[in-house]
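Notes follow the structure.
The values are calculated or read from the model by the stated rules, or taken from the named source; none is laboratory data. No experiment lies behind these values; they were computed from the predicted model shown. All Cβ positions, even for glycine, are placed from backbone atoms using ideal geometry, and neighbour counts span all protein chains on display. Ligands, DNA and RNA are stripped out before the accessible areas are found, and what is left, the full protein with its side chains, is counted by its heavy atoms. Shrake-Rupley method; radii C 1.70, N 1.55, O 1.52, S 1.80 Å.
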Amino acid sequence: QVPLVESGGGLVQAGGSLRLSCAASGSVFVINAMGWYRQAPGKKRALVALITTGSNTNYADSVKGRFTISRDNAKNTIYLQMNSLKPEDTAVYYCYLSSVSGASWGQGTQVTVSS
């Protein structure tokens, strides 16, 4: 497991923006991909956005056009810029990393969007 440190969650009004960050700490060898999943109360954890080492991206349909994932390979850090937030985006957001060692998860950061 690679330690992942998340930051940037919080409370925002609908239509607002938040930026999440996730840094992989320690010695990280070959990273295949990093991304964000989210889990709302009573729902399963689901993919939000994923970015590969080659910067290929994949987004959930519900966030396309509103969220942007980016990465800083030198810092082993990814970012999720979330714009035009909606109440249905309320969830715990988990950072994810896939490497040759397997999968790692962050502790989660709460995002709450009020209507």
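Report, to the nearest whole %, how much of the accessible area of region 73-115 belongs to carbon and sulfur atoms, 1.4 Å probe, protein only.
Whole-percent figure for carbon plus sulfur exposure: 47.
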*Return a whole-number percent for the relative contact order of the chain, with Cα pairs under 8 Å and 6 or more residues apart as the contact set.*
37 percent
*Considering the options 107, 82, 32, tell which one lies farthest towards the positive end of the dipole of the chain, charges being +1 on Lys and Arg and -1 on Asp and Glu at the Cβ, about the Cα centre.*
82
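Nearest 20 debye, what's the magnitude of the dipole of the chain about its Cα centre given +1 on Lys and Arg Cβ and -1 on Asp and Glu Cβ? Mind showing how you got there, number by number?
Numbers: 10 positive and 5 negative charges, 26 e Å.
Taking the Cα centre of the chain as origin, the dipole is about 120 debye.
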*Using 0.36 nm per residue of separation minus the Cα-Cα distance, give me the extension gain between residue 17 and residue 32 in nm, one decimal.*
2.6 nm
*So which chymotrypsin sites (Phe, Trp or Tyr not before Pro) in region 3-89 pass both tests, a DSSP loop state and at most 15 other Cβ atoms within 10 Å of the Cβ?*
29
_Cut-off 13 Å, label 7 Å out along Cα→Cβ of residue 62, residues of region 30-52 by amide N_ = 37-49
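So, counting K/R as plus one and D/E as minus one, what does the shell of residues with Cβ under 13 Å around residue 57 add up to?
So the environment of residue 57 carries a net charge of +2.
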*Hey, what's the chain come to in accessible area per residue, 1.4 Å probe, Å²?*
51 Å²
_Where trypsin sites (Lys or Arg not before Pro) fall in DSSP loop in region 1-93, at most 13 other Cβ within 10 Å_ = 43, 44, 64
*Beyond 21 Å, what share of the Cα-Cα pairs of the chain is found? Please give it as a whole percent.*
30 percent
*In the chain, what is the count of Lys pairs whose alpha carbons are under 23 Å apart, counting only pairs at least 8 residues apart or on separate chains?*
5
_Full-stretch length increase - residue 47, residue 86 - with 0.36 nm per residue and alpha-carbon distance subtracted_ = 12.4 nm
_Inter-label distance for residue 55 and residue 1, nm, one decimal - labels placed 7 Å from Cα along Cα-to-Cβ_ = 3.3 nm
*Of 98, 17, 62, which is the most mobile in a GNM of the chain whose springs link Cα atoms less than 10 angstrom apart?*
62
